[in-house]
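Written below as structure tokens is the structure these notes are about.
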There are 2 protein chains.
Amino acid sequence: MTKNTFDVEDYLYRVKSFHGHLAPGVVIGGYMVHLARTNLPVGVLFDAVSETPACVPDAIQLLTPCTVGNGWLKIINLGRFALSLYDKYHGNGVRVFLDTGKLEQWPEIKAWFLKLKSRKEQNSEEILSQIKQAGVEICGARPVQIKPEFLKKRDKGKIAICSSCGEAYPLKDGSICLACQGSSPYVMP
Amino acid sequence: MTKNTFDVEDYLYRVKSFHGHLAPGVVIGGYMVHLARTNLPVGVLFDAVSETPACVPDAIQLLTPCTVGNGWLKIINLGRFALSLYDKYHGNGVRVFLDTGKLEQWPEIKAWFLKLKSRKEQNSEEILSQIKQAGVEICGARPVQIKPEFLKKRDKGKIAICSSCGEAYPLKDGSICLACQGSSPYVMP
């Protein structure tokens, strides 16, 4: 994707392969990322925030160099369908969100987004069709400034061996690792 | 990738494109995902957990159908370099970790993993070479059972409009959205 064009069909093809299916959220997310990039200065090195874990992170990962694993994409779950791209050094950037005030003429998108219809009542094809017609029109964009504490690079600090499980962990987490402290998702930590 | 083969060179090519560079963690992560899949029953529908936000999530996203955005990959930051793949309905699966006890014969991997050398002292090529020689040998695997509460599908519940910012958010988050409650990373929420 170059800065000012968005090849939707190519994107949808990649969504199917990566995300598994054409979820409305990840399709809208593609337009949101496009709009955000269009509002960034050319050539700026940017990081990304997704304000939801749902769909939007995959749009960012497919359309920008930012991934969860390389640390350039952070997910801060604020429950809002929004993302920001910002200068990784100075924190100035743009936030793009799905603007509910612009959904009146797109009833299927509105019903999906605000959960006004059950899944069974929703018409996936019609939602997708409306999303493609609407494009960036249903999004809002505004400048943002990231707080300095969110700009810091994550640093694990000194690595220790957990005396309970025997695995390496960041010493700053405590005298044993977080899993052995009780945060494990497993029946046996 | 089929279940029992791992085309490392193809994977490394895709890592460069997605992750941006051949970070040791994402290369080891590839072997870890491969080992985990080899230990899963054929045909099981699985979800994934990464116990770290660093590198491992990208290996999972590149080598399995699980992504952050489709909800099949969850990141639970326990600070351990480990992942699990598990039956999405029953929670039984396999956990794979980088086993520090197996690193004695791989001094460059050990120095990188336990941060025994500064970044400048590390030799990226030698680390990568040792990782490719070691393959899954430096990993451990054990069966796991995911706690029932982690198997539940995320559900946003009823959607409301935040009276402060005007955006849609999950009503269960409170009378206004989490960003307006103070969790925003922006100078202006």
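Key figures
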quantity: Contour minus Cα-Cα distance for A:L22 and A:T38 (0.36 nm per residue); calculated: 3.4 nm
quantity: Formal net charge of residues neighbouring B:W112 (Cβ-Cβ distance under 13 Å; K, R +1; D, E -1); calculated: +2
quantity: Residue-count net charge about A:L78 - beta-carbon cut-off 13 Å; Lys, Arg +1, Asp, Glu -1; calculated: +1
quantity: Euclidean distance between Cα centres, the range A:163-181 to the range A:69-146, Å; calculated: 38 Å
quantity: CD proxy at 222 nm, helix term only [per DSSP H run n ≥ 4: -39500 (n - 2.57); per residue of the protein assembly as shown; nearest 500]; calculated: -8500 deg cm²/dmol
quantity: GNM result for chain B, Cα springs below 10 Å: residue of B:G20, B:G91, B:G29 fluctuating most strongly; calculated: B:G20
quantity: Table column - 3J(HN,Hα) (Hz), the range B:60-77, Karplus curve with 6.51, -1.76, 1.60, x for Gly and Pro; calculated: 5, 5, 7, 10, 9, x, 7, 10, 4, x, 8, x, 7, 10, 10, 9, 10, 6
quantity: Local electrostatic count at B:S183 - Lys and Arg +1, Asp and Glu -1, tallied over other residues with Cβ under 12 Å; calculated: 0
quantity: FRET efficiency, A:E126 to A:T5 (Cβ-Cβ, R0 25 Å, nearest 0.05); calculated: 0.45
quantity: Backbone HN-Hα couplings from phi across the range B:38-54 [Karplus 6.51/-1.76/1.60, Hz, Gly and Pro as x]; calculated: 4, 8, 8, x, 4, x, 6, 7, 10, 10, 9, 10, 10, 8, 8, x, 8
quantity: Folded to 0 to 90 degrees: helix B:124-134 orientation relative to chain B principal axis, Cα; calculated: 80 degrees
quantity: Karplus (6.51, -1.76, 1.60) ³J(HN,Hα), θ = phi - 60°, over the range A:10-25, in Hz, Gly and Pro reported as x; calculated: 4, 4, 4, 4, 6, 4, 4, 5, 8, 7, x, 7, 7, 5, x, x
quantity: Computed lengthening from A:K172 to A:L151, 0.36 nm per intervening residue step minus Cα-Cα distance; calculated: 5.6 nm
quantity: Per the axis that maps chain B onto chain A, nearest residue of B (Cβ criterion) and its distance in Å; calculated: B:V68, 3
quantity: Gained length - A:Y13 relative to A:S118, 0.36 nm times residue gap less alpha-carbon distance; calculated: 35.1 nm
quantity: Cα gyration tensor, the protein assembly as shown - rounded (a/c under 1.5), prolate or oblate; calculated: prolate
quantity: Within the range B:8-151, percent of DSSP bridges classed antiparallel, to nearest 5; calculated: 85 percent
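Values quoted throughout were computed directly from the atomic coordinates according to the rules given, and no laboratory measurement underlies them. Being a predicted model, the structure only gives us computed values, none of them experimental. We place every Cβ from the backbone using ideal geometry, glycine too, and count neighbours over all the protein chains shown.
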